[in-house]
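The next block holds one structure in the form of structure tokens; read it before the comments.
The values are calculated or read from the model by the stated rules, or taken from the named source; none is laboratory data. Everything numeric in this text was worked out from a predicted model, so none of it was measured. All Cβ positions, even for glycine, are placed from backbone atoms using ideal geometry, and neighbour counts span all protein chains on display.
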Amino acid sequence: MSAGHGFEWFVAWRHLRDPERRSRRAVALKVGLAILLLSAGILVHLKVHGTAPRDPHAIFAVRPDPTYEWLRIFGVIGLIAGFIITFLGSLLASFTVFTAISVFGVFLGTAAPILALSVMSGFEADLKGKIRGAKADVVVTMPSDDERPFLAWQKARATILRVPGVSGATPYLEAEVMVRSGASPAGVVLRGIDPGTAASVLDLGKTARECTLEDLAHPERVELDPLSPEDSRGAPTIILGEELYARTLRVFPGSLVDVVCPLCKMGPSGPMPGLKQFRVAGHFYSGMYEFDSKLAYVSLAEAQAFLRMPGEVTGIDVRTDNPDRAPRIAAAIQSALGPGYEARSWEELNKGLFMALRLEKIAMFVVLTFIALVASFSIVSTLIMMATEKAREIAILKAMGAEDGAVERVFVAEGLYIGVIGLLAGVASGVVGCLLIERYGLPLPTDIYYITRLPVVMRTGEIVIVAALALGLCFLATVYPAYLAARMRPIDGLRYE
């Protein structure tokens, strides 16, 4: 940077400062610091005294103490609010009022989109993880228009395992049935899985409670309810979703449930309902209501016997090394298996859901971008007012030989100062806010969101886009005021002096 350009940046900085009224505007700074220290003290107190106390009356879910949760929410929100008020107070104590408001607008226009997009990305990542835990990255089935049974699944599985990027594959058999315990029936999706290979694809072994996958292959390990009939000692095992287990059927480990298949048995007059008793090995909690209320797992052999489909499967679940590469790996599997099979990635199977999430994130980004747009208009008005107020100084500079380009650069520098200060503070506060929410968490009502805390996932690309857009708007906001100031004639600025 040349000496002339350095002088222009110095003049721009002096125009934005207002050190004479610093003491009059220190109240907001003191209030913000007080809130900041109080909130930090609350969070430190909660941290020193250990983790959240647990509700001893919770049976199927671990629920934190409400007092602890409210204190934690107050601490996190207080830190964010304290930082915002402290930042605004420091701006008012250092810059002119209009400059401080413009910087604060850029700050909000940067921090708010970062927080909102990170939360949206957190919900998306949480949803993806839950879907991958209960389903698979790639599902291989027979074509929908092909009525042949899927019998050669062992050969197909061996071929799939040889495809690069595949870390596991397991067969499954799926059918819609009824599950009944006493007078409490429920329609569910019965999935027969191979206990030996399912752990390499599904997260059922991690989400299962009071049981393991091996209990499906060894029913004798599960103790039967003492009140059960003697002839039910050989009943196979079943693992239910938590909603089915705890709220719909209201059963316990060892309880007997009746599984009814409407059209799985052939009688003299045609298809007729089939019924079989299963003993409950335990339950699983996937975190998705759709799975926890509709899925029930049994061993593949028992499902084939009950559904009268010996040696047949519905498809093969595949786990990949990288879920983001699932569409590419699905195409490779399709190529390896040939036209007799259909391989679809989890993105294709849930295309509508994730498209809705993506559109919602875009809409959120566009709406929050208007904050930065409003801040840019504030910069325009601030610089126009500054050009009017500093008409005498501009006239003196021009009378001393300053060129129009130098005056333009002074006002562009003022706008960039406003944008860069607000941008750095906004990015820093947005990132710190995300880290605080991720570290301490904001609890959510599980009966509405079916998630215990607000998820946050920061993505560098999104932060860079927000920052670049905010800085670009700030630069564009300087064009017109700089043009007006540069075209001002010296005689106009000195006319009333």
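Of note:
- Residue within region 396-410 that is at pLDDT 75 or above, touching a Pro at 6+ places or on another chain (Cβ under 9 Å) and surrounded by 20 or more Cβ atoms within 10 Å (Cβ to Cβ) present: no
- Residue in region 224-231 that is assigned to a helix (DSSP H, G or I) and in the same structural domain as TYR289 (by TED's automatic domain parsing) present: yes
- Condition check for CYS211 on (1) closer than 20 Å to GLY254 by Cβ; (2) part of a strand (DSSP E or B): one failure, at (2).
- Where LEU227 falls short, out of the listed (1) hydrophobic (A, V, I, L, M, F, W, C); (2) under 27 Å from GLU312 (Cα atoms); (3) modelled with pLDDT under 85: (2)
- Any chance ILE379 is part of a helix (DSSP H, G or I), in contact (Cβ under 8 Å) with a residue 40 or more places away in the chain and not assigned by TED's automatic domain parsing to the domain that holds ALA169: yes
- Summed over region 133-192, the residues that are assigned to a strand (DSSP E or B) and polar (S, T, N, Q) give a count of 5.
- Failed item in (1) more than 20 Å from GLY109 (Cβ to Cβ); (2) at pLDDT 80 or above; (3) outside any helix (DSSP H, G or I); (4) not charged (D, E, K, R), with TYR483 passing the rest: (3)
- VAL374 surrounded by 16 or more Cβ atoms within 10 Å (Cβ to Cβ), in contact (Cβ under 8 Å) with a residue 60 or more places away in the chain, part of a helix (DSSP H, G or I) and among the β-branched types (Val, Ile, Thr): no
- Residue check, ALA112 in the same structural domain as ALA470 (by TED's automatic domain parsing), small (Gly, Ala, Ser) and surrounded by fewer than 23 Cβ atoms within 10 Å (Cβ to Cβ): yes
- For region 142-166, the set of residues classified as among the hydroxyl-bearing types (Ser, Thr, Tyr) and modelled with pLDDT under 90 consists of SER144 only.
- No other residue among ALA112, ALA158, ALA100 is without any contact (Cβ under 8 Å) to a residue 60 or more places away in the chain and either within 30 Å of GLU414 (Cα to Cα) or β-branched (Val, Ile, Thr) (or both) apart from ALA100.
- Only one entry of ASP137, ASP126, ASP145 meets the criterion of being among the acidic types (Asp, Glu) and touching a Lys or Arg at 6+ places or on another chain (Cβ under 9 Å), and that entry is ASP137.
- Leading residue by the ranking (modelled with the lowest pLDDT) among those in region 186-200 that are over 18 Å from GLY315 (Cα atoms) and surrounded by 15 or more Cβ atoms within 10 Å (Cβ to Cβ): ALA186
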